[in-house]
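The values are calculated or read from the model by the stated rules, or taken from the named source; none is laboratory data. Just so you know, these numbers come straight off a predicted model, no measurement behind them. All Cβ positions, glycine included, derive from the backbone under ideal geometry; neighbour counts span all protein chains shown. Ligands, DNA and RNA are excluded from the accessible area calculation, which covers all protein heavy atoms including side chains. Shrake-Rupley method; radii C 1.70, N 1.55, O 1.52, S 1.80 Å.
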Amino acid sequence: MPHPYSPVRSFPFPEHLILLPAGSDLTLLQAPTRLAINQNRYLEIHSSLYQLNNNNRGILICPLGVGLKYPGMPDLAPDEPGRIFLMDLNEQNPRVQELNISDGFDKASFNPHGISTFTDKDQTVYLYVVNHPHMDSTVEIFKFEEQQRSLVYLKTIKHELLKSVNDIVVLGPEQFYATRDRYFTNFFLALLELVMDLRWTHVLFYSPREVKVVARGFSSANGITISLDKKYIYVADVSDKNIHVMKIQDNWDLTQLKVIQLDTLVDNLTVDPDTGDILAGCHPNAIKLLVYDTEDPPGSEALRIRNALSEKPMISTMYANNGSALQGSSVASAYGGKLLIGTVFHKALYCEL
């Protein structure tokens, strides 16, 4: 169906977007990229959103994970490491800027996936990045230097439960939820896992003192984000075509409240910082996504879910395209009358609402 918004510009960035919290005026982009705007008015490119104050709105961080490789999908830059970009949506003509990463970090094997931000009491912004070096799973922590437009590498988090990590939402210093999108790391076993509907994927809670599985039974847990009031977690199950609404308990366990069923494959989620609506980047056709054909490319779809906690959430289409303009949409974020959509391997699309 035709989309209601006119694309202003497209950028060569895929699957996740992230907003920065108070104290920053920038948005970081990473590819593959997911988009999100947090309560602090920053766009996050992978999964979670974090708040910005009224003086620091519209900065987007995007990971460009050109190293992510999925059988059947095109690999547009097989020999290039992943990168992190920044975009300021307050500019009349927003441009993307690559962020320099400090020494001490293995940039050659950088393969970013989900991203999230955390701002401490002195307004220092920390960026958490799901990384797949050599097809492993780690979480990298960086400090964002706004004036220098750079990232200072701080540490790498590894754990035996951090396997096949897809997305992340940071709750506090070295404290986060993460999704595991498949149980088997072997592609063919993972495919069998989906066919047999084993539902062995889950959501993990990580902190320096405790690491545990807090929600189970997903076919393929994918994007994850948090509500504006920090009481609820939203998890996308991409192969089940739904969004799980979960309440955070005092011990960080998650209790499922409801499941919002959709007619499309839900990839990454963000939250509108002004309304609290869930924004979802979706894949309308799984086969076209997994078996890429240049003559018949996968389409794109971005949805808005209003009143997610009500008995009848309102679902509307923000953007839809048959692949002629944008292929394989995976995340969407709205800010200040603007819409930014990221993709798995294609471009990021910037629109005016």
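Among the residues of segment 149-189, just one is at pLDDT below 95, buried (at least 18 other Cβ atoms within 10 Å of the Cβ) and among the small types (Gly, Ala, Ser), namely Ser164.
Please specify each residue of segment 74-112 satisfying the condition of being closer than 21 Å to Val344 by Cβ, in contact (Cβ under 8 Å) with a residue 60 or more places away in the chain and of a type in the set (Asp, Glu). Asp75 - this is the single residue of segment 74-112 that is closer than 21 Å to Val344 by Cβ, in contact (Cβ under 8 Å) with a residue 60 or more places away in the chain and of a type in the set (Asp, Glu).
Would it be correct to say that Leu265 is of a type outside the set (Ser, Thr, Tyr) and in contact with a helix residue (DSSP H, G or I) (Cβ under 8 Å, 6 or more places away or on another chain)? Yes.
The number of residues in segment 331-353 that are assigned to a strand (DSSP E or B), in contact with a Gly (Cβ under 7 Å, 6 or more places away or on another chain), of a type in the set (A, V, I, L, M) and more than 22 Å from Val259 (Cβ to Cβ) comes to 2.
Of the residues making up segment 182-222, those that are under 15 Å from Ser239 (Cα atoms) and in contact with an Asp or Glu (Cβ under 8 Å, 6 or more places away or on another chain) number 9.
Looking across segment 233-273 at every residue that is in contact with a Leu (Cβ under 9 Å, 6 or more places away or on another chain) and open to solvent by 60 Å² or more (accessible area, probe 1.4 Å), the one that is farthest from Tyr177 (Cα to Cα) is identified as Lys241.
Counting only strands (runs of 3 or more DSSP E) that sit wholly inside segment 47-148, those with at least 1 residues that are open to solvent by less than 70 Å² (accessible area, probe 1.4 Å) and modelled with pLDDT under 90 are 59-64, 83-88, 96-98, 112-119. One residue stands out among those in segment 217-232 that are hydroxyl-bearing (Ser, Thr, Tyr) and touching a Ser or Thr at 6+ places or on another chain (Cβ under 9 Å): the one that is surrounded by the most Cβ atoms within 10 Å (Cβ to Cβ), which is Thr225. If you filter segment 275-330 down to residues that are of a type in the set (Val, Ile, Thr), part of a strand (DSSP E or B) and open to solvent by 10 Å² or more (accessible area, probe 1.4 Å), you find that the one that is nearest to Gln256 (Cα to Cα) is Ile315. Of all the residues in segment 216-248, those that are over 19 Å from Val130 (Cα atoms) and in contact with a strand residue (DSSP E or B) (Cβ under 8 Å, 6 or more places away or on another chain) number 19. Pull out all pairs, ordered by first then second residue, where Cβ-Cβ is under 8 Å, the residues are six or more apart or on different chains, the first lies in segment 209-234 and is farther than 21 Å from Asp197 by Cα and among the basic types (Lys, Arg), and the second is open to solvent by less than 10 Å² (accessible area, probe 1.4 Å) and assigned to a strand (DSSP E or B). Close Cβ pairs (under 8 Å, with a partner that is open to solvent by less than 10 Å² (accessible area, probe 1.4 Å) and assigned to a strand (DSSP E or B)) amount to Lys212/Leu204; Lys212/Phe205.
Selection within segment 285-316: residues that are at pLDDT 95 or above and touching an Asp or Glu at 6+ places or on another chain (Cβ under 7 Å). The member of this set that is nearest to Val235 (Cα to Cα) is Ile305. Quick one: in segment 113-137, which of the residues that are in contact (Cβ under 8 Å) with a residue 60 or more places away in the chain and hydroxyl-bearing (Ser, Thr, Tyr) is nearest to Thr185 (Cα to Cα)? Among them, the one singled out is Ser116.
Among residues of segment 138-151 being among the polar types (S, T, N, Q) and touching a residue at least 24 places away in the same chain (Cβ under 8 Å), the one that is farthest from Asn222 (Cα to Cα) is Gln148. Taking strands (runs of 3 or more DSSP E) as the structural unit, no element lying wholly within segment 205-248 holds at least 2 residues that are in contact with a Gly (Cβ under 6 Å, 6 or more places away or on another chain).
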